[in-house]
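Worksheet: the structure to be examined is printed underneath.
The values are calculated or read from the model by the stated rules, or taken from the named source; none is laboratory data. Quantities reported herein were computed from a predicted structural model and do not represent experimental measurements. So basically every Cβ, Gly included, is an ideal-geometry build from the backbone, and we count neighbours across all protein chains shown. With ligands, DNA and RNA removed, areas are computed over all heavy atoms of the protein, side chains included. Shrake-Rupley method; radii C 1.70, N 1.55, O 1.52, S 1.80 Å.
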Amino acid sequence: MFRVYQPVLMYLPSVADTSTPPPFVRLVADPLRWRLLHELARSDLRVRELVDAVGQPQNLVSYHLDLTRWTRQWADAADALHPGLRLPAPPPPDRARGRVLFLCTGNSGRSPMAAALLRHRSAGTVAAASAGSRPKPLHPNAVRIMAEYGIALRHEPTHVDTLLHNRFTWVISLCDRVREVCPEFPNHPTVTHWSLPDPAAGGDTDDATLPAYRDTAAELDRRIGFLLLRLAR
């Protein structure tokens, strides 16, 4: 039996400690952690929703998983095991296709920023729109922060009901309130939820809320990077 596998073992890299698997392997070896990772990779979920999804007590459910950290550790584990298992290079963003609708309550910050970032990063190959359940004027900080990304943000607030007959491949809610009232769209789009706090709620002036808008844009840009990978494949 050893002779059968010996040629394969010869290609494994020489590492300092072969008795300890990489952190990613140890973390996801637990079946519950694997289930949680699978659920959270598809959509943000509340603790109660995760408890229901995996059928385990709340004290066994860990909600705070960092997809960026998981991705890095996954790549490290593959490199440590065999060079043939290395993750392939991601497809270029301009291969992404689809029609994506972002929703938030006011359609004044998070959702128009998300749509603008997706159009910008996909070089226009993805049609991105945004709307809200209680639309209000575009927040000036959304314009200021998008300018830092080289994007001239222009947007007319749109009520989600005006888009009910449009066909999208993805519908992404960005706040818990709009998620609860999200209507159904034709063509059965993929519906997912990114739970982002309202950046306008962090202060009484535009200057006070500017850091929150900057953090929101960074989080949206990170998530849109993962979304582009799925749209390109």
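Within segment 66-115, the set of residues being at pLDDT below 70, open to solvent by 70 Å² or more (accessible area, probe 1.4 Å) and not in a helix (DSSP H, G or I) comprises ARG86, LEU87, PRO88, ALA89, PRO90. The criterion of at least 2 residues that are over 21 Å from the mean Cα position of the chain (by Cα) is met by the following helices (runs of 4 or more DSSP H) wholly inside segment 116-233: 140-148, 206-232.
Condition check ((1) of a type in the set (Gly, Ala, Ser); (2) at pLDDT 95 or above; (3) surrounded by 14 or more Cβ atoms within 10 Å (Cβ to Cβ)) across all residues:
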residue: ARG179; (1), (2), (3): no, no, yes
residue: THR192; (1), (2), (3): no, no, yes
residue: PRO197; (1), (2), (3): no, no, yes
residue: GLY202; (1), (2), (3): yes, no, yes
residue: ARG214; (1), (2), (3): no, yes, yes
residue: ALA217; (1), (2), (3): yes, yes, yes
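Whenever a residue of segment 124-135 is farther than 15 Å from LEU164 by Cα and free of Cβ contacts under 8 Å to residues at least 60 places away in the same chain, its partners that are open to solvent by 40 Å² or more (accessible area, probe 1.4 Å) and in a loop (DSSP other than H, G, I, E, B), lying with C-beta atoms within less than 8 angstrom and at least six residues away or across chains, give the pairs THR125/ARG97; PRO135/PRO157.
Condition first: free of Cβ contacts under 8 Å to residues at least 60 places away in the same chain and not aliphatic (A, V, I, L, M). Now tell me which residues in segment 113-123 satisfy that.
The first filter runs over segment 113-123 and keeps only residues free of Cβ contacts under 8 Å to residues at least 60 places away in the same chain, leaving 115-116, 119-120, 123.
Across segment 113-123, the qualifying residues are ARG119, HIS120.
If you go through segment 137-160 one residue at a time, do you hit one that is open to solvent by less than 30 Å² (accessible area, probe 1.4 Å), in contact with a Ser or Thr (Cβ under 8 Å, 6 or more places away or on another chain) and without any contact (Cβ under 8 Å) to a residue 40 or more places away in the chain? Checked segment 137-160: no residue is open to solvent by less than 30 Å² (accessible area, probe 1.4 Å), in contact with a Ser or Thr (Cβ under 8 Å, 6 or more places away or on another chain) and without any contact (Cβ under 8 Å) to a residue 40 or more places away in the chain.
Is it true that ARG167 is surrounded by 14 or more Cβ atoms within 10 Å (Cβ to Cβ) and of a type in the set (D, E, K, R)? In short, no.
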